[in-house]
Amino acid sequence: MKAIAYRLVAVALICAGLSLSTDVFLTSANLLNVLRQASLTFLIASGLTLTILTGGLDLSVGANVGLSACLAATVMTSTGSIALGVGAGLGFGVLVGVLNGLMITLLKVPPFIATYGMLWTLNGVTYWFMGGETIHGFSAGFRQLGSGYGLGVPVPIYVMAAFLVAGGIFTRYTTFGHEVYAIGANREAARLSGVPVRARLNLVYILSGAMAGLAAIVYLARLNSAEADIGEALTLPAIAAVLVGGTSLFGGAGSLSGTLVGALILTLVVNGMNLLAVDANWQPLVTGVIVILAVWIDVMTRQRAEARV
Amino acid sequence: MRSVPGAAYLLAILVVVFAIFGSGFATMANVLNIGVQSSVLLLLALPMTLIIMTEGLDLSMGAVLSLAGVVLAWMLMHEHGLPIALAAAAGVGLAFGVANGGLVVGLGLPPFVATLGTLGIAQGLALVITGGQSVTGIGDALPALYESRPAGIPFSMAIAVAAFFVFRFTLSQTRFGSYVSALGGNREALVLAGVRANAYHVSVYALGGAMAGLAALLLTGRMSAGHPTAAIGMEFDAVAAVIVGGTSFERGKGSLGGTLIGVLTIGVLKNGLNVLAIPSSLQVASIGVLVIVALVIDSGLKK
């Protein structure tokens, strides 16, 4: 809990700095915008957090969002049915998760290689599928999911809150959740104490795929258009959010609430750069530096803990 | 005699299939074309083999190559002369390689995430320097060099072939080579023998960065311009070539000959699909499938 407290202090400091240096930051419109953006990052990063908790990684989440969104958009516009479109997006997200899981558990491919290959495969298929087209103009009802408000609060924030609670209960109070941590902490020990490691790993990657599919739907509703590059810049910030949120890349330690704080910090940094009129081209550089710093802190924390033992 | 890598069969099958179904595939001009197209990839895949042999990975290579290409073009545009421009590009690559090595070896960061971070940094720098635009007007010296044919071979192929033999010699005949082979899986023995394992380990990453910098010569020469996203994702092709070539992530075992076959397999696949008029986006996807096929064959052979 102490770790989360430090991160909340970081959030407060960034907010204070931006309130002092810009006029726009401390307006309700901007703050709600930050929260909405952080919610979207959280949705992608939440499934990713589970994979990292098991000591793995899912590098395909951004590309999965991209193709799932494009498929959902195509199905929705060609059939006119929101349900079918949403089903296509979610279903495809899950399918990607199934394939990732099979590569990792059946073929024994290291997770970062399996999902990295998946990333480029999905990217290729997305560009081929879209053929340079943009699909836009969805029904007002569907767009509510991304840009609507309930009681003055953007809808994605409700979606985020629902999954934060569900995910929190899932990871903290269910056997499944404990098994996820156990696999990440010591896979062999988990296996020997009867955890069905393969089945759990499969489920974790399926959940990661499903969350990417869900995020794709919300993104689509928010942007009101789908292009082949829709998911391209999403993976690095999502990984950064998980690591900044304190989930260890070595598995077994971390939390979904930490990932939410991480998503918030990442979003605040980007929002601050926008408000301070920093060229958007700096964003990959800044995200890259944040990733490296976060992993470095993770490594140092771990080394210090090992030295104590 | 070691057994033939599975990729060799894959390559043979692809060549036969494309020769039958793709008109214009089995011509001398097209074979040279495949060689030229594969050159840049080989320059990345050779050091990537060494990095993966040390149980590491360098995801930043494509972005570093793009950045080095932009630097090379920028220097040429400002009329600094080809040798100085190339030195600057190689220097930028080397700096990123040393940084990767420092992060992985010195700080102990997991290689795939550390190099994902430097990927972002290199990509960001390339975008910031150029404002997202291509750098053109690089003069005639580099395009003329690129179009030259030393001993009748296209320049890029000559460079790639030379690099292959230098790497092969270094890996099999020098102390550096045997230490690098031992780094993956036998590191403890090296340290006990008094070898400065960390220095050798960092230099493997440094070599990767420097090669990405040098590859900018071919990339920028081919395009006659520097583009900040020109080689994004090319590290995937390099990783794919290494895996298809049979180098293993876990056993610290690899072969440069296998990687050469892997690079050619990818070159033939892309070229053949091109001849069959399959869009380039699907060619990217096909490499992902190729890697999975290679891994399935590999795990089948192990049993």
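The values are calculated or read from the model by the stated rules, or taken from the named source; none is laboratory data. Because the structure is predicted, anything quoted here is derived from the model rather than measured. Note that each Cβ is placed from the backbone with ideal geometry, even for glycine, and that neighbours are counted across all protein chains shown.
Observations on the model:
- A count restricted to segment B:186-212 and to residues that are crowded, with 17+ Cβ neighbours inside 10 Å, out of contact with any Lys or Arg (no Cβ under 9 Å at 6 or more places or on another chain) and in contact (Cβ under 8 Å) with a residue 60 or more places away in the chain stands at 11.
- Pair list, Cβ < 6 Å and 6+ apart or interchain, from segment B:276-296 residues that are more than 9 Å from every other protein chain (Cβ to nearest Cβ) to residues that are part of a helix (DSSP H, G or I) and surrounded by fewer than 14 Cβ atoms within 10 Å (Cβ to Cβ): none
- Condition met for B:T118 (closer than 30 Å to A:A277 by Cα and crowded, with 24+ Cβ neighbours inside 10 Å): yes
- Annotation note: of B:G93, B:G124, the sole residue that is more than 18 Å from B:A215 (Cβ to Cβ) and either facing chain A (nearest Cβ under 7 Å) or in contact (Cβ under 8 Å) with a residue 60 or more places away in the chain (or both) is B:G124.
- Filtered residues of segment B:106-115 (kept if closer than 20 Å to A:T115 by Cβ, in contact (Cβ under 8 Å) with a residue 12 or more places away in the chain and surrounded by fewer than 24 Cβ atoms within 10 Å (Cβ to Cβ)): B:P111, B:F112
- When B:A160 is tested against the conditions (1) in contact with a His (Cβ under 8 Å, 6 or more places away or on another chain); (2) more than 19 Å from B:H201 (Cα to Cα), the lone failure is (1).
- Listed by position, the helices (runs of 4 or more DSSP H) inside segment A:152-242 whose residues that are under 19 Å from the mean Cα position of the chain (by Cα) and either within 14 Å of chain B (Cβ to nearest Cβ) or surrounded by fewer than 21 Cβ atoms within 10 Å (Cβ to Cβ) (or both) number at least 1 are A:155-173, A:175-185, A:197-223.
- Failed item, numbered, when B:V239 is tested on (1) within 14 Å of another protein chain (Cβ to nearest Cβ); (2) in contact with a helix residue (DSSP H, G or I) (Cβ under 6 Å, 6 or more places away or on another chain); (3) of a type in the set (V, I, T): (2)
- Residue match in segment A:118-137 (condition: more than 14 Å from chain B (Cβ to nearest Cβ) and either surrounded by 24 or more Cβ atoms within 10 Å (Cβ to Cβ) or touching a helix residue (DSSP H, G or I) at 6+ places or on another chain (Cβ under 7 Å) (or both)): yes
- Reported count of residues in segment B:136-161, each being of a type in the set (A, V, I, L, M) and under 28 Å from B:E79 (Cβ atoms), is 7.
- Residues within segment A:62-97 that are of a type in the set (A, V, I, L, M, F, W, C) and within 14 Å of chain B (Cβ to nearest Cβ), tallied: 4
- The residue of segment A:277-309 that is farthest from the other protein chains (Cβ to nearest Cβ), among those that are exposed (fewer than 12 other Cβ atoms within 10 Å of the Cβ) and part of a loop (DSSP other than H, G, I, E, B), is A:V309.
- Test: residue in segment B:185-200 that is within 30 Å of B:G81 (Cα to Cα) and of a type outside the set (V, I, T): no
Results for (1) within 26 Å of B:L57 (Cα to Cα); (2) crowded, with 16+ Cβ neighbours inside 10 Å; (3) of a type outside the set (G, A, S); (4) within 17 Å of the chain's Cα centre (by Cα), shown as yes or no for each residue.
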site	(1), (2), (3), (4)
A:V34	no, yes, yes, yes
A:A38	no, yes, no, yes
A:S60	yes, yes, no, yes
A:F92	no, yes, yes, yes
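- Verdict on B:G35 being within 16 Å of the chain's Cα centre (by Cα), under 26 Å from B:T130 (Cβ atoms) and not acidic (D, E): no
- Residue match in segment A:265-276 (condition: surrounded by fewer than 22 Cβ atoms within 10 Å (Cβ to Cβ), within 13 Å of another protein chain (Cβ to nearest Cβ) and modelled with pLDDT under 90): no
- Candidate set: segment B:52-97, residues that are of a type in the set (V, I, T) and surrounded by 24 or more Cβ atoms within 10 Å (Cβ to Cβ); chosen: the one farthest from B:T136 (Cα to Cα): B:T54
- Scanning segment A:1-51 for residues that are touching a strand residue (DSSP E or B) at 6+ places or on another chain (Cβ under 8 Å) and of a type in the set (S, T, Y) yields one hit, A:S39.
- Taken across segment B:128-139, residues that are crowded, with 16+ Cβ neighbours inside 10 Å, in contact (Cβ under 8 Å) with a residue 60 or more places away in the chain, at the interface with another protein chain (Cβ under 10 Å from one of its Cβ atoms) and under 28 Å from A:D58 (Cα atoms) do not occur at all.
- B:V166 falls short on exactly one of the conditions (1) more than 14 Å from chain A (Cβ to nearest Cβ); (2) in contact (Cβ under 8 Å) with a residue 24 or more places away in the chain, and that condition is (2).
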